[in-house]
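Below is one structure, written out as C-alpha coordinates; comments come after it.
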Amino acid sequence: MNTGSAASKAQARSAWEPVLHQAGQGALELGEQILAVAHLIASGSLSGPLTSPGRSPQDKAALASRLLSGRVDGRVVDLLAALVRGRWSKPVDLVHALHDLGIETILAGARAGGTLEQVEQEVFAVHNLLAGDRELRLALEPSKRTTVERRVALAHQVFGPSLSSSALSLLTWSVRHETEGGVPRNLRRVAELAASLQHRTIADVTSALPLSTQQQARLERILEERLGTQVELHLAIDPELIGGVRVSVRDLVIDYTVRSSLEGARTQLVG
(Lines give C-alpha, C1' and ligand atoms only; values in the text may rest on other atoms or scores of the structure.)
Protein backbone atom coordinates (compact mmCIF):
# COMPACT_ATOMS: atom_id res chain seq x y z
CA MET A 1 0.00 0.00 0.00
CA ASN A 2 1.41 3.41 -1.00
CA THR A 3 2.39 6.14 1.46
CA GLY A 4 -0.82 8.19 1.19
CA SER A 5 -3.01 5.11 1.55
CA ALA A 6 -0.93 3.72 4.42
CA ALA A 7 -1.16 7.00 6.32
CA SER A 8 -4.96 7.15 5.88
CA LYS A 9 -5.31 3.56 7.06
CA ALA A 10 -3.04 4.15 10.08
CA GLN A 11 -4.99 7.24 11.11
CA ALA A 12 -8.33 5.44 10.89
CA ARG A 13 -6.94 2.43 12.74
CA SER A 14 -5.72 4.67 15.56
CA ALA A 15 -9.17 6.24 15.92
CA TRP A 16 -10.77 2.77 15.80
CA GLU A 17 -8.73 1.34 18.70
CA PRO A 18 -10.87 2.86 21.49
CA VAL A 19 -13.99 1.48 19.80
CA LEU A 20 -12.48 -2.00 19.79
CA HIS A 21 -11.47 -1.70 23.43
CA GLN A 22 -15.01 -0.76 24.41
CA ALA A 23 -16.65 -3.39 22.18
CA GLY A 24 -14.79 -6.32 23.75
CA GLN A 25 -15.99 -9.65 22.40
CA GLY A 26 -18.73 -7.79 20.51
CA ALA A 27 -16.03 -6.76 18.03
CA LEU A 28 -16.78 -10.01 16.17
CA GLU A 29 -20.04 -8.57 14.81
CA LEU A 30 -18.40 -5.24 13.97
CA GLY A 31 -15.65 -7.04 12.05
CA GLU A 32 -18.17 -9.06 10.07
CA GLN A 33 -19.98 -5.84 9.14
CA ILE A 34 -16.74 -4.16 8.03
CA LEU A 35 -15.96 -7.10 5.74
CA ALA A 36 -19.51 -6.93 4.35
CA VAL A 37 -19.00 -3.21 3.66
CA ALA A 38 -15.75 -3.99 1.83
CA HIS A 39 -17.60 -6.50 -0.36
CA LEU A 40 -20.41 -4.00 -1.02
CA ILE A 41 -17.97 -1.29 -2.09
CA ALA A 42 -15.90 -3.61 -4.28
CA SER A 43 -18.84 -5.30 -5.99
CA GLY A 44 -20.63 -2.00 -6.54
CA SER A 45 -17.59 -0.20 -7.95
CA LEU A 46 -17.97 2.43 -5.22
CA SER A 47 -14.30 2.69 -4.27
CA GLY A 48 -13.72 5.26 -7.03
CA PRO A 49 -16.38 7.77 -5.89
CA LEU A 50 -15.39 7.25 -2.25
CA THR A 51 -11.71 7.99 -2.89
CA SER A 52 -11.90 10.53 -5.73
CA PRO A 53 -9.51 13.47 -5.16
CA GLY A 54 -11.99 15.61 -7.09
CA ARG A 55 -14.53 15.37 -4.26
CA SER A 56 -14.15 17.09 -0.90
CA PRO A 57 -13.56 14.96 2.22
CA GLN A 58 -16.91 16.11 3.58
CA ASP A 59 -18.71 15.08 0.38
CA LYS A 60 -17.14 11.61 0.44
CA ALA A 61 -17.97 11.17 4.12
CA ALA A 62 -21.57 12.18 3.42
CA LEU A 63 -21.73 9.63 0.60
CA ALA A 64 -20.43 6.94 2.94
CA SER A 65 -23.07 7.83 5.51
CA ARG A 66 -25.88 7.73 2.94
CA LEU A 67 -24.60 4.39 1.69
CA LEU A 68 -24.50 2.67 5.08
CA SER A 69 -26.84 4.44 7.49
CA GLY A 70 -29.42 1.99 8.79
CA ARG A 71 -27.63 -0.97 7.23
CA VAL A 72 -24.74 -1.43 9.68
CA ASP A 73 -23.73 -0.33 13.17
CA GLY A 74 -23.21 3.42 13.48
CA ARG A 75 -19.62 2.83 14.57
CA VAL A 76 -18.89 1.12 11.26
CA VAL A 77 -20.49 4.06 9.42
CA ASP A 78 -18.18 6.41 11.32
CA LEU A 79 -15.16 4.25 10.48
CA LEU A 80 -15.88 4.34 6.75
CA ALA A 81 -16.51 8.09 6.91
CA ALA A 82 -13.12 8.54 8.59
CA LEU A 83 -11.42 6.36 5.98
CA VAL A 84 -12.86 8.17 2.95
CA ARG A 85 -11.82 11.55 4.36
CA GLY A 86 -8.22 10.42 3.90
CA ARG A 87 -6.09 10.31 0.77
CA TRP A 88 -5.88 7.09 -1.21
CA SER A 89 -3.25 6.46 -3.86
CA LYS A 90 -5.49 3.89 -5.58
CA PRO A 91 -9.23 3.24 -5.09
CA VAL A 92 -8.59 -0.46 -4.41
CA ASP A 93 -6.43 0.50 -1.41
CA LEU A 94 -9.60 1.52 0.44
CA VAL A 95 -11.07 -1.97 0.00
CA HIS A 96 -7.80 -3.57 1.09
CA ALA A 97 -7.77 -1.38 4.20
CA LEU A 98 -11.34 -2.40 5.04
CA HIS A 99 -10.41 -6.05 4.68
CA ASP A 100 -7.49 -5.72 7.08
CA LEU A 101 -9.50 -3.66 9.57
CA GLY A 102 -12.39 -6.13 9.42
CA ILE A 103 -10.09 -9.10 10.03
CA GLU A 104 -8.26 -7.27 12.82
CA THR A 105 -11.57 -6.34 14.43
CA ILE A 106 -12.73 -9.97 14.51
CA LEU A 107 -9.36 -10.96 15.94
CA ALA A 108 -9.62 -8.19 18.54
CA GLY A 109 -12.90 -9.70 19.67
CA ALA A 110 -11.17 -13.06 20.03
CA ARG A 111 -8.36 -11.42 21.99
CA ALA A 112 -10.90 -9.84 24.35
CA GLY A 113 -12.33 -13.30 24.93
CA GLY A 114 -8.90 -14.86 25.49
CA THR A 115 -9.10 -17.03 22.36
CA LEU A 116 -6.85 -15.19 19.88
CA GLU A 117 -4.13 -17.84 19.84
CA GLN A 118 -6.76 -20.58 19.49
CA VAL A 119 -8.33 -18.78 16.51
CA GLU A 120 -4.93 -18.40 14.84
CA GLN A 121 -4.25 -22.12 15.25
CA GLU A 122 -7.70 -23.02 13.91
CA VAL A 123 -7.15 -20.86 10.83
CA PHE A 124 -3.73 -22.36 10.19
CA ALA A 125 -5.11 -25.88 10.63
CA VAL A 126 -7.62 -25.21 7.83
CA HIS A 127 -4.83 -23.67 5.72
CA ASN A 128 -2.66 -26.77 6.14
CA LEU A 129 -5.54 -29.15 5.42
CA LEU A 130 -6.37 -27.35 2.17
CA ALA A 131 -2.70 -27.36 1.18
CA GLY A 132 -2.80 -31.15 1.27
CA ASP A 133 -6.28 -31.68 -0.20
CA ARG A 134 -6.34 -30.49 -3.80
CA GLU A 135 -9.91 -31.64 -4.45
CA LEU A 136 -11.36 -29.68 -1.54
CA ARG A 137 -9.17 -26.68 -2.30
CA LEU A 138 -10.45 -26.52 -5.87
CA ALA A 139 -14.04 -26.98 -4.69
CA LEU A 140 -13.71 -23.77 -2.65
CA GLU A 141 -12.20 -21.74 -5.49
CA PRO A 142 -14.29 -19.50 -7.82
CA SER A 143 -15.92 -21.45 -10.64
CA LYS A 144 -18.65 -20.91 -13.22
CA ARG A 145 -20.19 -24.18 -12.04
CA THR A 146 -20.90 -22.96 -8.52
CA THR A 147 -21.87 -19.83 -6.61
CA VAL A 148 -20.10 -18.06 -3.78
CA GLU A 149 -22.88 -19.04 -1.39
CA ARG A 150 -22.55 -22.71 -2.28
CA ARG A 151 -18.78 -22.56 -1.69
CA VAL A 152 -19.35 -20.87 1.67
CA ALA A 153 -21.92 -23.52 2.57
CA LEU A 154 -19.41 -26.24 1.70
CA ALA A 155 -16.75 -24.62 3.88
CA HIS A 156 -19.22 -24.42 6.78
CA GLN A 157 -20.25 -28.06 6.28
CA VAL A 158 -16.65 -29.33 6.28
CA PHE A 159 -15.05 -27.07 8.88
CA GLY A 160 -17.90 -25.50 10.84
CA PRO A 161 -18.24 -28.16 13.56
CA SER A 162 -14.55 -27.82 14.53
CA LEU A 163 -14.17 -24.03 14.40
CA SER A 164 -14.97 -21.22 16.81
CA SER A 165 -17.37 -18.52 15.61
CA SER A 166 -14.45 -16.13 15.02
CA ALA A 167 -12.46 -18.62 12.95
CA LEU A 168 -15.57 -19.55 10.96
CA SER A 169 -16.24 -15.89 10.14
CA LEU A 170 -12.65 -15.52 8.94
CA LEU A 171 -12.93 -18.68 6.85
CA THR A 172 -16.13 -17.30 5.32
CA TRP A 173 -14.27 -14.15 4.29
CA SER A 174 -11.41 -16.24 2.91
CA VAL A 175 -13.83 -18.13 0.65
CA ARG A 176 -15.75 -15.01 -0.44
CA HIS A 177 -12.71 -12.85 -1.21
CA GLU A 178 -11.23 -13.63 -4.62
CA THR A 179 -7.49 -13.10 -4.79
CA GLU A 180 -4.38 -14.60 -6.36
CA GLY A 181 -3.45 -17.62 -4.29
CA GLY A 182 -7.07 -18.32 -3.44
CA VAL A 183 -8.45 -19.43 -0.10
CA PRO A 184 -5.08 -20.63 1.30
CA ARG A 185 -3.54 -17.21 0.65
CA ASN A 186 -6.43 -15.48 2.41
CA LEU A 187 -6.13 -17.82 5.38
CA ARG A 188 -2.42 -17.11 5.53
CA ARG A 189 -3.15 -13.37 5.57
CA VAL A 190 -5.49 -13.89 8.52
CA ALA A 191 -2.92 -15.96 10.42
CA GLU A 192 -0.22 -13.33 9.84
CA LEU A 193 -2.48 -10.57 11.19
CA ALA A 194 -3.31 -12.73 14.22
CA ALA A 195 0.37 -13.32 14.90
CA SER A 196 1.08 -9.60 14.50
CA LEU A 197 -1.54 -8.74 17.13
CA GLN A 198 0.39 -11.03 19.48
CA HIS A 199 3.68 -9.32 18.52
CA ARG A 200 4.92 -12.43 16.75
CA THR A 201 6.20 -13.18 13.24
CA ILE A 202 5.37 -16.41 11.44
CA ALA A 203 8.31 -18.31 9.98
CA ASP A 204 7.69 -21.25 7.63
CA VAL A 205 10.37 -23.88 8.18
CA THR A 206 10.76 -26.80 5.77
CA SER A 207 13.22 -29.58 6.52
CA ALA A 208 14.03 -33.03 5.16
CA LEU A 209 13.58 -34.57 8.62
CA PRO A 210 11.63 -33.46 11.70
CA LEU A 211 13.53 -30.93 13.82
CA SER A 212 14.23 -31.81 17.43
CA THR A 213 12.94 -29.60 20.24
CA GLN A 214 16.48 -28.28 20.74
CA GLN A 215 16.87 -27.48 17.03
CA GLN A 216 13.55 -25.64 17.01
CA ALA A 217 14.52 -23.58 20.06
CA ARG A 218 17.89 -22.68 18.53
CA LEU A 219 16.29 -21.67 15.23
CA GLU A 220 13.75 -19.51 17.09
CA ARG A 221 16.57 -17.70 18.93
CA ILE A 222 18.48 -17.06 15.71
CA LEU A 223 15.42 -15.70 13.90
CA GLU A 224 14.30 -13.56 16.85
CA GLU A 225 17.74 -11.95 17.04
CA ARG A 226 17.67 -11.27 13.31
CA LEU A 227 14.05 -10.02 13.09
CA GLY A 228 13.71 -8.28 16.45
CA THR A 229 10.36 -9.93 17.25
CA GLN A 230 9.11 -13.16 18.75
CA VAL A 231 8.95 -15.90 16.12
CA GLU A 232 6.33 -18.60 15.63
CA LEU A 233 7.58 -21.61 13.67
CA HIS A 234 5.30 -23.46 11.28
CA LEU A 235 7.02 -26.72 10.42
CA ALA A 236 6.76 -28.86 7.28
CA ILE A 237 8.66 -31.89 5.99
CA ASP A 238 9.98 -32.29 2.43
CA PRO A 239 12.27 -35.32 1.95
CA GLU A 240 13.39 -33.97 -1.43
CA LEU A 241 15.45 -31.34 0.37
CA ILE A 242 17.80 -34.20 1.38
CA GLY A 243 19.08 -32.27 4.40
CA GLY A 244 19.18 -28.84 6.06
CA VAL A 245 16.34 -26.32 6.38
CA ARG A 246 14.60 -23.64 4.33
CA VAL A 247 13.08 -20.72 6.21
CA SER A 248 10.58 -18.24 4.75
CA VAL A 249 9.68 -15.10 6.70
CA ARG A 250 7.59 -12.46 4.92
CA ASP A 251 9.60 -11.82 1.72
CA LEU A 252 12.83 -13.25 3.16
CA VAL A 253 13.92 -16.78 2.20
CA ILE A 254 16.88 -18.42 3.94
CA ASP A 255 17.81 -21.64 2.18
CA TYR A 256 20.38 -23.89 3.88
CA THR A 257 19.28 -27.14 2.27
CA VAL A 258 21.49 -29.77 0.67
CA ARG A 259 19.31 -29.64 -2.44
CA SER A 260 19.91 -25.90 -2.77
CA SER A 261 23.66 -26.36 -2.33
CA LEU A 262 23.74 -29.06 -5.00
CA GLU A 263 21.76 -26.91 -7.42
CA GLY A 264 24.11 -23.99 -6.77
CA ALA A 265 27.16 -26.15 -7.40
CA ARG A 266 25.58 -27.51 -10.58
CA THR A 267 24.95 -23.98 -11.84
CA GLN A 268 28.57 -22.98 -11.21
CA LEU A 269 29.87 -26.07 -13.05
CA VAL A 270 27.62 -25.48 -16.04
CA GLY A 271 28.54 -21.79 -16.06
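For the chain, the solvent-accessible area works out to 54 Å² per residue, with a probe of 1.4 Å and every protein chain left in place. By the rule of a C-alpha distance below 14 Å, with chain neighbours fewer than 8 residues away ignored, the aspartates and glutamates paired with Lys60 are Asp78. Other residues whose C-beta falls under 14 angstrom from the C-beta of Thr105 contribute a net charge of -3, scoring Lys and Arg +1 and Asp and Glu -1.
Which percent, to the nearest 5, of DSSP beta bridges fully inside the chain are antiparallel? Display every interim value, and only then the final one.
Numbers: 10 of 19 bridges.
DSSP beta bridges in the chain are roughly 55 percent antiparallel.
Accessible area of the chain with a 1.4 Å probe: how many percent of it is carbon plus sulfur?
On the way: 7400 of 14540 Å².
Accessible surface attributable to carbon and sulfur in the chain totals 51 percent.
In this label model, Leu211 and Leu197 are separated by 2.6 nm, measuring between points 7 Å along each Cα→Cβ vector. Compactness of segment 3-198, taken as the C-alpha radius of gyration over 2.2 N^0.38 Å, stands at 1.02.
In this calculation the C-beta distance from Arg185 to Gln22 is compared with R0 = 35 Å, giving a FRET efficiency of 0.60.
The values are calculated or read from the model by the stated rules, or taken from the named source; none is laboratory data. Keep in mind that what you see is a predicted model, and the values were worked out from it rather than measured. Every residue, glycine among them, receives a Cβ derived from its backbone with ideal geometry; neighbour counts consider all protein chains shown. The accessibility values were calculated without ligands, DNA or RNA, using every heavy atom of the protein model including side chains. Shrake-Rupley method; radii C 1.70, N 1.55, O 1.52, S 1.80 Å.
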